[in-house]
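The structure appears right after this line, and notes come after that.
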Amino acid sequence: MILVSSCLCGEKCKYNGGDNLNQDVIAYLEDKEVIQVCPEVLGGLDTPRTPAEIVGGSSRDVLEGKAKVMTKEGDDVTIAFIKGAHKVLELAKQFNIKKAIFKAKSPSCGKGKVYDGSFHHNLVVGNGITAELLLKEGIEVITEAELSKQC
């Protein structure tokens, strides 16, 4: 069983109300058991919602209370991001999941690079909150971009 970002499967849960439907992901998952998740929605955020980025540190810093997740309008949504990440981790443990395919660059799901908190589309090395939490627990996380390179 694999966790996958709902937006990659066509669910309209992206911050702007759209999706990130990815045909490589759909094809890869065709013969697999899947649990679709959107950590931001699981954390209580609405769709659509104001874009948010990690500010003042890394995802690890957010999980340790040393940085925040802020919206472009300046609202602190850290609690929702952490809550959603923990809900996804609970699902992963409940179903003994070892792999997740998540949306690249996302402040929740990104792996390897995320936006820098300036809301200017600048990337920095790092992970999203949920990806960080799953990786810390030994769950493999790949992005749709990494999967597309394998296909």
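The values are calculated or read from the model by the stated rules, or taken from the named source; none is laboratory data. These figures come from a predicted structure and were not determined experimentally. Heads up, the Cβs are rebuilt from the backbone with ideal geometry, glycines too, and the neighbour counts pull from every protein chain shown. To get the accessible areas, we keep the full protein, side chains included, count just its heavy atoms, and leave off ligands, DNA and RNA. Shrake-Rupley method; radii C 1.70, N 1.55, O 1.52, S 1.80 Å.
Here are some notes:
- Over 31 Å apart at the Cα level, from the set LYS66/LYS149; LYS32/LYS66; LYS83/LYS113; LYS32/LYS68; LYS72/LYS93, are LYS66/LYS149; LYS32/LYS66; LYS32/LYS68; LYS72/LYS93.
- Rounded if a/c under 1.5, otherwise prolate or oblate - the range 1-79, Cα gyration tensor axes: prolate
- Restricted to Cα atoms, the range 71-144 shows a radius of gyration and a Dmax of 12.5, 38 angstrom.
- Annotation: PHE102 carries an accessible surface of approximately 0 Å², with a 1.4 Å probe and no ligand, DNA or RNA atoms counted.
- Separation of the THR50 and LYS12 label points, Cα + 7 Å toward Cβ, nm: 2.3
- Where only C-alpha atoms are counted, convex hull volume of the chain per residue in Å³: 97
- Within the accessible area of the chain (1.4 Å probe), percent carbon and sulfur: 49
- THR143 long-range amide H proximity, modeled H, under 5 Å: PHE102
- Per residue, the accessible area of the chain comes to 51 Å² when a 1.4 Å probe rolls over the protein heavy atoms.
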